[in-house]
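Here is the structure we will look at, set down as structure tokens.
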Amino acid sequence: MKTYEKLIALKKERANYFCLIDPDKLDEIQAAETALKCEENGADGILVGGSIMLKNNFEQNLKIIKENVKIPVLIFPGIFNFVSPFADALLLLSVITSRNPQMLIGEQVRAAPLIKHHNLETIGTGYMLIESGETTSVHFMSGSMPLPRTKNDIAVAHALAGQYLGMKIIYLDAGSGAKYPVPDEMITAIRQNVDLPIILGGGINTPEIAAQKAKAGADFIVTGNILEKNNNPQLIREFADAIHSVKK
Ligand code: 1GP
């Protein structure tokens, strides 16, 4: 079964939990241990990626993560030198809220021959960057103005455009460490208008907020930053339980 089909099956039952691991911040042993801890405490998938690569350890970390867990391991590329065969699939992002052609199609063209070479499953992802109260890494690095957080109609139009362009998932992101996560009203407005699965991330700091975003209509909730600050299995379990309590 393709990884995308597994995700679709997961989202039919309940909301799901993804842990984001930034390979730049961990060595191989820590990456493997963190991924295992996430799996053992209820995570439904691991995203691997970051907005910059300072250390040359992406591939080694991805490989060891993949060897240690059974849940899907997805590449979440901040930049497209994040292509590797050691993943179940790659979220092939196009930053559909951007007007920077490099983020809309340029990076993807660079990555495509390598994706083909590795015969890597891709999941076309309409990535929407939402204003979050301050400049985030992805805002700066992508040279893309975030979508204003009160403009639900514009957000819906972007998500619909992603759907009509054939994207398979919408990723709503306030950016890592965001001061304010994506507003509930915006998630619900997109949920009511678009059939695609919704991944939601950026500034999700408590299990309560995670559950709230799932209730608003997100199918997959991502946490990254909070687990880097507080790498506690109990907290992972609390996130997983809160998110899984939101049934479809
Ligand atoms: C960032 O959505 C992810 O792209 C996760 O954000 O690190 O704030 O959890 P956090």
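The values are calculated or read from the model by the stated rules, or taken from the named source; none is laboratory data. The model shown is predicted, which means the values in this text are computed figures rather than measured ones. Methodologically, a virtual Cβ is constructed for each residue, glycine included, from the backbone with ideal geometry; neighbour enumeration extends over all protein chains shown.
A compact table of results
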quantity: Which numbered condition Tyr164 fails, given (1) more than 12 Å from the ligand (Cβ to nearest atom); (2) in contact (Cβ under 8 Å) with a residue 24 or more places away in the chain; (3) closer than 17 Å to Ile105 by Cα; calculated: (2)
quantity: Every residue from the range 203-230 that is hydroxyl-bearing (Ser, Thr, Tyr) and near the ligand (Cβ under 10 Å from one of its atoms); calculated: Thr223
quantity: Given (1) surrounded by 20 or more Cβ atoms within 10 Å (Cβ to Cβ); (2) small (Gly, Ala, Ser); (3) in a loop (DSSP other than H, G, I, E, B), number of the condition Gly126 does not satisfy; calculated: (3)
quantity: Odd one out for Leu172, checked against (1) within 15 Å of the ligand (Cβ to nearest atom); (2) over 15 Å from Ile96 (Cα atoms); calculated: (2)
quantity: Odd one out for Lys247, checked against (1) surrounded by 20 or more Cβ atoms within 10 Å (Cβ to Cβ); (2) on the phi < 0 side of the Ramachandran plot; calculated: (1)
quantity: Residue match in the range 148-157 (condition: free of Cβ contacts under 8 Å to residues at least 40 places away in the same chain and under 16 Å from Gly202 (Cα atoms)); calculated: yes
quantity: Residue list for the range 59-80, restricted to those being within 16 Å of the ligand (Cβ to nearest atom) and either of a type outside the set (A, V, I, L, M, F, W, C) or surrounded by fewer than 23 Cβ atoms within 10 Å (Cβ to Cβ) (or both); calculated: Pro77, Gly78, Ile79, Phe80
quantity: Residue within the range 222-235 that is buried (at least 24 other Cβ atoms within 10 Å of the Cβ) and not in a strand (DSSP E or B) present; calculated: no
quantity: Residue match in the range 198-205 (condition: in a helix (DSSP H, G or I), touching a residue at least 60 places away in the same chain (Cβ under 8 Å) and in contact with a helix residue (DSSP H, G or I) (Cβ under 9 Å, 6 or more places away or on another chain)); calculated: no
quantity: Filter pass, Leu114 being in contact (Cβ under 8 Å) with a residue 60 or more places away in the chain and not in a loop (DSSP other than H, G, I, E, B); calculated: no
quantity: Complete set of residues in the range 73-89 that are in contact with a helix residue (DSSP H, G or I) (Cβ under 8 Å, 6 or more places away or on another chain) and modelled with pLDDT of 90 or more; calculated: Val73, Leu74, Ile75, Val83, Ser84, Pro85, Phe86, Ala87, Asp88, Ala89
quantity: Test: residue in the range 236-246 that is closer than 14 Å to Asp173 by Cα, under 18 Å from the mean Cα position of the chain (by Cα), within 15 Å of the ligand (Cβ to nearest atom) and of a type in the set (Gly, Ala, Ser); calculated: no
quantity: Answer from Leu196, Leu200 - the residue that is under 21 Å from Val138 (Cβ atoms), at pLDDT 95 or above and more than 11 Å from the ligand (Cβ to nearest atom); calculated: Leu196
quantity: The range 1-36, residues that are outside any helix (DSSP H, G or I) and hydroxyl-bearing (Ser, Thr, Tyr); calculated: Tyr17
quantity: Residues (under 19 Å from Lys6 (Cβ atoms) and in contact with a Pro (Cβ under 6 Å, 6 or more places away or on another chain)) located in the range 194-219; calculated: Asp219
quantity: Among residues of the range 31-70, those that are of a type in the set (Val, Ile, Thr) and farther than 24 Å from Gly175 by Cα, counted; calculated: 2
